[in-house]
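The values are calculated or read from the model by the stated rules, or taken from the named source; none is laboratory data. The shown structure was predicted, so the numbers you read here are calculated from the model rather than taken from an experiment. Heads up, the Cβs are rebuilt from the backbone with ideal geometry, glycines too, and the neighbour counts pull from every protein chain shown.
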Amino acid sequence: MKNFKWGTESFNDKPIYVVLFVSRNKDNIDIEDFVERRKSFITHKSVPDLNDEFMDFVNHGKPGEMSRMYYSVNARDGKKIYKELLHFLIDDPDFNLCSINSKLAGIAATKECAAEHQWMFDFDISNIEKVREFVNDIHEIDSGVIAEINHTPNGYAVITDRGFDTRNLFEKWTKGVTLKRDDLLCVGWNFSNAEEYNEDKFNLLDD
């Protein structure tokens, strides 16, 4: 076995992110004999670098099945993940190690393991003018906040580089907007046998 490399790298300075590939029941109610699928893990890779792996997951679905790719808004702290994993393994000696990737993702996704503190607003209104108005309202409250608009399957997500006082914001935006803070952002979605479907349904991950 000495000729094999077993991935024994030490910690490095690359940011760590949580990734979830999922095919959900609510997206596939018209697919006969549909069974929900999911794959979660942590990675140093960027979203475009995960495209091939995501499309492999997509194309293992039934014809027409929709899958989504989620990516953590905030990078994770590798040393905190390591510490929490050690505690978990000591406390649960019967844990199935074949499930280690999903367990790592679950640990890394906890707020205690966040290395950044960006916020995510789920803007479930599919209207670009409305989401721009929402961002303008954020800047009226705090002009120093940097806000980024992301397209999602059901509308938009607005990512801010930090938190701020949201009381006035939610006095106006009472419906269709939810503050998720440290969460996963839907960064890609596609359908198995995609060439058979309208391209308007597809999100290109490297846009």
Would you point out the residue of region 163-182, among those that are acidic (Asp, Glu) and surrounded by fewer than 18 Cβ atoms within 10 Å (Cβ to Cβ), that is farthest from ASN74 (Cα to Cα)? GLU171
Those residues of region 63-84 which are crowded, with 16+ Cβ neighbours inside 10 Å and assigned to a loop (DSSP other than H, G, I, E, B), in sequence order: GLY64, GLU65, VAL73, ASN74, ALA75, ASP77
Looking at region 176-191, which of its residues are part of a strand (DSSP E or B) and small (Gly, Ala, Ser)? GLY188
Consider LEU97 carefully, then state whether it is touching a strand residue (DSSP E or B) at 6+ places or on another chain (Cβ under 8 Å) and either closer than 26 Å to ARG38 by Cα or in the same structural domain as PHE41 (by TED's automatic domain parsing) (or both). no
May I ask you to verify whether GLU112 is surrounded by fewer than 18 Cβ atoms within 10 Å (Cβ to Cβ) and either free of Cβ contacts under 8 Å to residues at least 12 places away in the same chain or not β-branched (Val, Ile, Thr) (or both)? yes
For region 24-62, name all the residues that are surrounded by fewer than 17 Cβ atoms within 10 Å (Cβ to Cβ), basic (Lys, Arg) and either under 13 Å from the mean Cα position of the chain (by Cα) or closer than 17 Å to LEU185 by Cβ (or both). ARG24, ARG38, LYS45
Step by step: first the residues of region 13-56, then only those that are assigned to a loop (DSSP other than H, G, I, E, B) and in contact (Cβ under 8 Å) with a residue 60 or more places away in the chain, then the one that is nearest to ASN74 (Cα to Cα). Which residue is that? PRO15
Can you say whether TYR156 is hydroxyl-bearing (Ser, Thr, Tyr) and over 30 Å from ASP33 (Cα atoms), as far as the supplied structure shows? yes
